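Scroll down for the structure; my scribbles are underneath it.
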Amino acid sequence: ELGRAAALHLLGKKEEAIAQISTLLERQPDYAAAYRVRAMLRMETGDVSSALEDLEKYHGLGFGDARSRLARAQCTLKAGRWEEAAEQFQALLDADPGCDEALLGLGMAHLRQHHLEEALALLTRYLDRHPEDAAAQFGQAVALHLAGDAEHAIPIYERLASNPEYGRDSLVNLCAIYRQQKIGDGLLSCSKRLLELDPESAPAREAAA
C-alpha cells in the first residue's frame, strides 16, 4: 500500500496518499516506514505538527536516518520549539559537519532565540557556500537589523525587495529602518514599492502618510 500511496503522490494527490497510509497504519501501527513516508507528505502539505508527530513515532520505533532527523529538526523549528530545534540541528552537524541544511537550520534557530552573534556566524558560513539562498540572506539581514547594524542590513533587504517570498517583509523592514533614521526619500520610495505589492499594507500607508 505504500506503493499505491507513492503513485498517488506522483499524481499530485497528496491528501489521498496520506489517507491511504493512515488506513495502513490502522492495521499495522508499528509499520515504521509508513510513519516516515506520511511525515514527508504532511510536510509537503504544510501540516507541520502532524508531520512532527509521525517523525517522533518513527524515531520512537528505533529508526532514525539522517534525512528523517533533519526533517524532524525542520518541523521542530517551524513548530516554534527553537531551543529544541537548535539542539537537533547541532547534533546533525556534529555527526556531519558538511550538512548545509543543518547549518542553515541552526542559524535560523539561533536567530529565533535572538542569539544574534551565533546566528550571524552560522548564516554567514552558509552563505559562503550558497550565496544566492534567499532565506539565508533574509535571515542574515534580520540578524544585522536586530543587532543595530542597519547599514549592512539595508543592501540585503534592497536586493530581496523583488523576491516573491521575501520581498514584502524586506520592504516592511526597510520602511522601519528609513523611518527610524528619518531618511525621507528612502521611506517614500520603499512605501510606494510596498503598496504596489500589498495595497492594504498598514506599514506602507503609515510610511506614505
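The values are calculated or read from the model by the stated rules, or taken from the named source; none is laboratory data. Note that the structure is predicted; figures quoted are calculated from it, not measured. Here the Cβ is made from the backbone with ideal geometry for all residues, glycine too, and neighbour counts use every protein chain on show. Accessible surface is based on the protein model in full, side chains and every heavy atom, while ligands, DNA and RNA are left aside. Shrake-Rupley method; radii C 1.70, N 1.55, O 1.52, S 1.80 Å.
Name every residue in the stretch 162-197 that is within 15 Å of residue 149 (Cα to Cα) and aromatic (Phe, Trp, Tyr), in order of residue number.
178
Is it true that some residue in the stretch 175-183 is under 22 Å from residue 108 (Cα atoms) and over 19 Å from the mean Cα position of the chain (by Cα)? Lay out the reasoning, then the answer.
The first filter runs over the stretch 175-183 and keeps only residues under 22 Å from residue 108 (Cα atoms), leaving 176-177.
Within this subset, residues satisfying the condition of being over 19 Å from the mean Cα position of the chain (by Cα) are 176-177.
Yes, because at least one residue in the stretch 175-183 is under 22 Å from residue 108 (Cα atoms) and over 19 Å from the mean Cα position of the chain (by Cα).
Got a sec? Which helices (runs of 4 or more DSSP H) wholly within the stretch 126-200 have at least 2 residues that are more than 26 Å from residue 101 (Cα to Cα)?
The helices (runs of 4 or more DSSP H) meeting that bar are 150-160, 167-180, 184-197.
Would you mind finding the one in 162, 191, 170 that is among the polar types (S, T, N, Q), more than 25 Å from residue 112 (Cβ to Cβ) and touching a helix residue (DSSP H, G or I) at 6+ places or on another chain (Cβ under 6 Å)? Lay out the reasoning, then the answer.
Numbers: 162 fails: touching a helix residue (DSSP H, G or I) at 6+ places or on another chain (Cβ under 6 Å); 170 fails: more than 25 Å from residue 112 (Cβ to Cβ).
191 is the lone residue from the list that is among the polar types (S, T, N, Q), more than 25 Å from residue 112 (Cβ to Cβ) and touching a helix residue (DSSP H, G or I) at 6+ places or on another chain (Cβ under 6 Å).
To keep it simple, each residue is scored yes or no on (1) of a type in the set (Asp, Glu); (2) closer than 27 Å to residue 64 by Cβ.
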residue	(1), (2)
83	yes, yes
87	yes, yes
111	no, yes
145	no, no
152	no, no
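Report whether or not residue 36 is open to solvent by 80 Å² or more (accessible area, probe 1.4 Å), part of a helix (DSSP H, G or I) and not small (Gly, Ala, Ser).
Details: open to solvent by 80 Å² or more (accessible area, probe 1.4 Å): no; part of a helix (DSSP H, G or I): yes; not small (Gly, Ala, Ser): yes.
Answer is no for this residue.
Need pairs with beta-carbon distance below 7 Å; first residue under 13 Å from residue 34 (Cα atoms) and at pLDDT 95 or above and within the stretch 49-60, second open to solvent by less than 10 Å² (accessible area, probe 1.4 Å) and hydroxyl-bearing (Ser, Thr, Tyr); sequence gap 6+ or separate chains.
55/68; 58/68
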